[in-house]
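Enquirer: Here you go, one structure.
The values are calculated or read from the model by the stated rules, or taken from the named source; none is laboratory data. These numbers come from a predicted model, not from an experiment. Every residue, glycine among them, receives a Cβ derived from its backbone with ideal geometry; neighbour counts consider all protein chains shown.
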Amino acid sequence: MPPYLIALVLAALTPAAKAASAPRATSVLNPGSFRHYVEEFNANDVERKVNLVDNQSAWPWLQENIPLFECSDKDLEEIYYFRWWTFRKHIKGSPEGFVVTEFLPDVPWAGKHNTISCSAAHHFHEGRWLRDRKYLDDYARFWFRKGSNPRLYSFWAADAVRSRALVTQDQQLAIELLPDLVENYHEWEKTHQDPNGLFWQIDDRDGMEISIGGSGYRPTINSYMYGDAVALGDIAKWAGKNDLSMEFRMKAAEIRALVEDRLWDEATGFYKTLPRGEKQSLVDVRELIGYVPWYFDLPNPGREVAWKQVIDPRGFHAPYGPTTAERRHPRFMFENPHECLWNGPSWPFATSQTLTAMANLLNHYRQNYVGRKDYLELLRTYTRSQHLKLPGGKIIPFIDEDLNPDTREWIARSLLYKFPEAEQAKKGGKDRGRDYNHSTYNDLIITGLVGLRPRMDHMVEVNPLVPEGALDYFALDGVRYHDWNLTILWDRTGKRYGRGAGLRVLADGKEIGSAPGLTWLMAKLPEANAGWRKS
């Protein structure tokens with residue numbers, strides 16, 4: 001019996017687990033229409049490491065666990081299934097329950113069960129759309145109660161736990177972990193907050209080594225701590241701890257004020273790193289981490305000019321970008337023998353942060369610097385980058401570490417292949433980055449392109465970041481949201497899905513909202529007593 005089937009049989013022994021993995025209820029898409037993607041991925045793969053779900057079992061497992069997605073842009077559609085195919089590779093059983101890994105092979109710098117906290121928040125944002133909740137339930141408890149080290153790298157943990165609860169509408173796990181998350185926050189304050197109130201971090205511990213801006217009071221760690229403070233304020237409120245909620249809301253307000261005052265460079269219109277020490281000035285380089293504050297809605301209105309750089313060829317724009325440092329800087333892509341460079345190469349980690357931040361910008365701020373067209377273009381650029389040209393010329397979907405933003409060459413992979421075997425072994429092997437789980441993609445499709453904006457109340461908020469005329473159709477079907485099976489579809493002509501032209505939202509197959517165009521839409525989920533059976 002395949003490993004995933006054994007796990008499912010064991011999980012089915014409890015009623016709670018049965019509810020957590022309720023059967024799919026799709027409305028417009030046939031799961032069998034997408035099986036060919038997984039078969040192609042399997043055919044192109046060399047399966048060296050198997051965790052919970054092997055390649056042979058991948059499609060049955062995916063069919064039971066992921067929302068289906070169809071789109072008139074088949075490149076987006078293909079990489080959507082590819083990234084779910086890679087994500088399931090990283091779900092790993094352990095004596096402490098399920099965990100999610102970053103690298104498939106063991107690497108020396110990882111912690112218990114080959115886990116790394118650097119990418120863990122991405123795992124929660126991506127994995128929150130899985131129908132079976134046990135994987136992330138275990139993973140959340142693992143980080144704080146099973147002997148792991150959540151502070152080895154920067155990790156916006158409380159925000160990740162809260163973000164998942166917005167999808168499930170289940171507050172209990174977040175409330176259960178509240179004491180652990182509060183303790184985690186206080187430990188960060190003890191070790192990484194200076195008397196001036198700002199948090200500092202080494203660029204390597206941000207997972208962003210060999211950067212131009214270097215270490216110090218970085219926009220990353222300060223935004224992460226702001227996001228966690230906001231999340232802890234919410235979770236404490238859910239738990240009825242109003243004093244604790246107010247304490248963390250005040251912490252968030254203090255961090256926001258410090259970031260706005262100390263890390264915003266008015267002259268260049270960008271958030272930058274400030275080195276530690278007396279009488280230091282902001283670094284002279286714009287780096288992609290300057291968009292991280294928008295990931296958490298930290299900036300006050302008036303900072304939106306920074307977004308001009310994401311579409312500027314002298315800034316971060318590139319054919320396979322965005323770049324992690326602005327091109328105009330004299331040290332852009334400076335030579336260094338290290339395989340993990342953050343001085344200009346494109347990193348999926350940072351690209352997914354930037355796309356999440358841009359989606360927040362387009363949903364929560366008023367500005368004219370970037371629009372839906374720019375979001376879709378950047379998403380398509382990110383999609384194009386996730387490929388590899390094989391020696392025979394065939395191009396396959398592929399995700400690795402960092403890549404050349406102009407050529408799509410995977411930099412770490414190319415360097416590792418040139419190292420002697422002994423050196424390769426010290427670094428996790430020459431293929432360590434294959435199927436790298438260090439970023440999000442499907443969360444960007446769901447919350448950005450399709451536009452499902454998770455919230456805790458009984459409303460479904462949809463705002464597709466697609467300009468009129470850019471896509472003829474898309475459908476996200478069988479997405480488990482607040483214990484309902486949602487379908488969100490766009491059909492320009494009405495002929496694709498036979499439900500009329502326009503944007504439509506369905507809950508368990510019944511329409512709850514519609515709009516004639518690609519626009520912001522609010523729909524109310526049916527009341528439990530309305531006579532609808534929830535699947």
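Enquirer: Restricting to segment 162-204, give me the number of residues that are in a loop (DSSP other than H, G, I, E, B), farther than 23 Å from Ile289 by Cβ, touching a residue at least 60 places away in the same chain (Cβ under 8 Å) and out of contact with any helix residue (DSSP H, G or I) (no Cβ under 7 Å at 6 or more places or on another chain).
Expert: 1
Enquirer: Same structure again: Are there any pairs with C-beta distances below 8 angstrom linking a residue in segment 355-367 that is free of Cβ contacts under 8 Å to residues at least 40 places away in the same chain to a residue that is not in a helix (DSSP H, G or I), with the two at least 6 apart or on different chains, and if so which?
Expert: As it stands, the answer is none, since no pair meets every condition given.
Enquirer: Name the pairs: first residue in segment 284-297 and on the phi > 0 side of the Ramachandran plot, second residue of a type in the set (S, T, N, Q), Cβ to Cβ under 8 Å, at least 6 apart or on different chains?
Expert: From segment 284-297, the pairs are Asp297/Asn360.
Enquirer: Report, by residue number, each residue of segment 420-464 that is in contact (Cβ under 8 Å) with a residue 60 or more places away in the chain, in contact with a helix residue (DSSP H, G or I) (Cβ under 8 Å, 6 or more places away or on another chain), of a type in the set (A, V, I, L, M, F, W, C) and crowded, with 24+ Cβ neighbours inside 10 Å.
Expert: Once the filter is applied, which keeps residues that are in contact (Cβ under 8 Å) with a residue 60 or more places away in the chain, in contact with a helix residue (DSSP H, G or I) (Cβ under 8 Å, 6 or more places away or on another chain), of a type in the set (A, V, I, L, M, F, W, C) and crowded, with 24+ Cβ neighbours inside 10 Å, segment 420-464 yields Leu444, Ile445, Leu449.
So that you can scan it fast, the table gives a plain yes or no per residue for (1) over 21 Å from Thr86 (Cβ atoms); (2) modelled with pLDDT of 95 or more; (3) assigned to a helix (DSSP H, G or I); (4) touching a strand residue (DSSP E or B) at 6+ places or on another chain (Cβ under 9 Å):
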position	(1), (2), (3), (4)
Gln367	yes, yes, no, no
Tyr375	yes, yes, yes, no
Arg384	no, yes, yes, no
Leu388	no, yes, no, yes
Arg413	no, yes, yes, yes
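Enquirer: Just one of (1) touching a Ser or Thr at 6+ places or on another chain (Cβ under 7 Å); (2) closer than 21 Å to His90 by Cβ; (3) aliphatic (A, V, I, L, M) trips up Leu416, so point out which.
Expert: Unmet condition: (1).
Enquirer: So, one more: Answer yes or no: is there a residue in segment 62-77 that is more than 30 Å from Val466 (Cβ to Cβ), modelled with pLDDT of 95 or more and surrounded by 16 or more Cβ atoms within 10 Å (Cβ to Cβ).
Expert: No: zero hits.
Enquirer: Of these, Arg131, Arg145, which one is basic (Lys, Arg) and in contact (Cβ under 8 Å) with a residue 40 or more places away in the chain?
Expert: Of Arg131, Arg145, the one residue that is basic (Lys, Arg) and in contact (Cβ under 8 Å) with a residue 40 or more places away in the chain is Arg131.
Enquirer: Could you tell me how many of the residues in segment 313-334 are more than 24 Å from His438 (Cα to Cα) and free of Cβ contacts under 8 Å to residues at least 12 places away in the same chain?
Expert: 1
Enquirer: Within segment 77-125, which residues are in a helix (DSSP H, G or I), over 28 Å from Arg35 (Cβ atoms) and within 16 Å of the chain's Cα centre (by Cα)?
Expert: Across segment 77-125, the qualifying residues are Ser117, Cys118, Ser119, Ala120, Ala121.
Enquirer: Let me ask you something else. Tally up the residues in segment 457-473 that are within 15 Å of Cys71 (Cα to Cα) and more than 21 Å from the chain's Cα centre (by Cα), please.
Expert: The number of residues fulfilling the criteria is 7.
Enquirer: Please pick out the residue among Arg408, Arg455 that is assigned to a loop (DSSP other than H, G, I, E, B), on the phi > 0 side of the Ramachandran plot, in contact with a strand residue (DSSP E or B) (Cβ under 9 Å, 6 or more places away or on another chain) and not hydrophobic (A, V, I, L, M, F, W, C).
Expert: Arg408
Enquirer: Look at Pro345 and say whether it is crowded, with 21+ Cβ neighbours inside 10 Å and either touching a helix residue (DSSP H, G or I) at 6+ places or on another chain (Cβ under 9 Å) or acidic (Asp, Glu) (or both).
Expert: The answer is yes for Pro345.
Enquirer: Exactly one of these conditions fails for Thr440: (1) of a type in the set (S, T, N, Q); (2) part of a loop (DSSP other than H, G, I, E, B); (3) over 22 Å from Arg131 (Cβ atoms). Give me its number.
Expert: Single failed check for Thr440: (3).
Enquirer: So which of Gly197, Gly216, Gly207, Gly227 is in contact with a Leu (Cβ under 7 Å, 6 or more places away or on another chain), buried (at least 21 other Cβ atoms within 10 Å of the Cβ), within 30 Å of Asp284 (Cα to Cα) and of a type outside the set (Phe, Trp, Tyr)?
Expert: That would be Gly216, the only listed residue that is in contact with a Leu (Cβ under 7 Å, 6 or more places away or on another chain), buried (at least 21 other Cβ atoms within 10 Å of the Cβ), within 30 Å of Asp284 (Cα to Cα) and of a type outside the set (Phe, Trp, Tyr).
Enquirer: Something else: In the list Arg276, Arg262, which residue meets the criterion of being in a loop (DSSP other than H, G, I, E, B) and of a type outside the set (Ser, Thr, Tyr)?
Expert: Of Arg276, Arg262, the one residue that is in a loop (DSSP other than H, G, I, E, B) and of a type outside the set (Ser, Thr, Tyr) is Arg276.
Enquirer: Another question, then. Of everything in segment 232-277, what is over 15 Å from Leu198 (Cα atoms), among the small types (Gly, Ala, Ser) and surrounded by 14 or more Cβ atoms within 10 Å (Cβ to Cβ)? Give them in sequence order.
Expert: Residues satisfying the conditions are Gly233, Ala236, Ala239, Ser245, Gly269.
Enquirer: Residues that are of a type outside the set (D, E, K, R), within 26 Å of Glu278 (Cβ to Cβ) and not in a helix (DSSP H, G or I): does segment 222-233 have at least one?
Expert: No, segment 222-233 contains no residue that is of a type outside the set (D, E, K, R), within 26 Å of Glu278 (Cβ to Cβ) and not in a helix (DSSP H, G or I).
Enquirer: Turning to a different aspect of this structure: State whether one or more residues within segment 348-370 are closer than 19 Å to Phe270 by Cβ, touching a helix residue (DSSP H, G or I) at 6+ places or on another chain (Cβ under 8 Å) and among the aromatic types (Phe, Trp, Tyr).
Expert: yes
Enquirer: Related question: Hey, can you tell me all the residues within segment 279-309 that are assigned to a loop (DSSP other than H, G, I, E, B) and small (Gly, Ala, Ser)?
Expert: Ser281, Gly302
Enquirer: Looking only at segment 126-148, decide whether some residue is assigned to a helix (DSSP H, G or I), among the acidic types (Asp, Glu) and surrounded by fewer than 23 Cβ atoms within 10 Å (Cβ to Cβ).
Expert: Yes, because at least one residue in segment 126-148 is assigned to a helix (DSSP H, G or I), among the acidic types (Asp, Glu) and surrounded by fewer than 23 Cβ atoms within 10 Å (Cβ to Cβ).
Enquirer: Please go through segment 314-328 and give me each residue that is part of a loop (DSSP other than H, G, I, E, B) and touching a strand residue (DSSP E or B) at 6+ places or on another chain (Cβ under 9 Å), ordered by number.
Expert: Residues satisfying the conditions are Phe316, Ala318, Tyr320, Gly321, Pro322, Thr323, Thr324, Glu326.
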